[in-house]
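Participant: Dropping a structure here in structure tokens format, bear with me for questions.
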Amino acid sequence: MSGRDLQRCAFDPSPSPEERASLGEWLDRAERLPPVERAALRLHLEGHSIDEIARRLETSRATAWKRLHAGQERLKRTEGRHATAMGGQRRDRRA
């Protein structure tokens, strides 16, 4: 689930059952992120700029970006493992 899909699904008053399931799985994986990465990702999904994220996390802009990027990458990696564990195919984004 992409960030845009997640935002739309999270704020949609009537997501489909598939969207709800996908959002629930994503939230479960997000809960396992280190707290600083989870906080940066949450603020980003709420629409905050990287400068606002840095200010709210009381860190530099570079560190805020690093935490956001690390959280996004960790979620991408766990998405592939989750799909494989659920019997699906792991997506290769390089193709």
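None of the figures in this text is laboratory data; all of them are computed from the coordinates on show. Everything numeric in this text was worked out from a predicted model, so none of it was measured. Every residue, glycine as well, gets a Cβ built from its backbone with ideal geometry; the counts of neighbours run over all protein chains shown.
Participant: How long is the gain from residue 22 to residue 63 if the chain were fully straight, where each residue apart is worth 0.36 nm and the alpha carbon distance is subtracted?
Facilitator: Extending this stretch completely gives an extra 11.8 nm.
Participant: Using the per-residue mean of other Cβ atoms lying within 10 Å as a proxy for protection, in what order, highest first, do the peptides 22-35, 42-55 fall?
Facilitator: Ranking the peptides 22-35, 42-55 by packing returns 42-55, 22-35.
Participant: So for the pair residue 73, residue 32, with labels modelled 7 Å out along Cα→Cβ, what separation do we get in nm?
Facilitator: 1.8
Participant: Follow-up. Tell me, what is the Rg over Rh of region 29-73, with Rh the Kirkwood radius over Cα pairs?
Facilitator: Working: Rg = 9.2 Å, Rh = 9.9 Å.
Looking at region 29-73, the ratio lands at 0.92.
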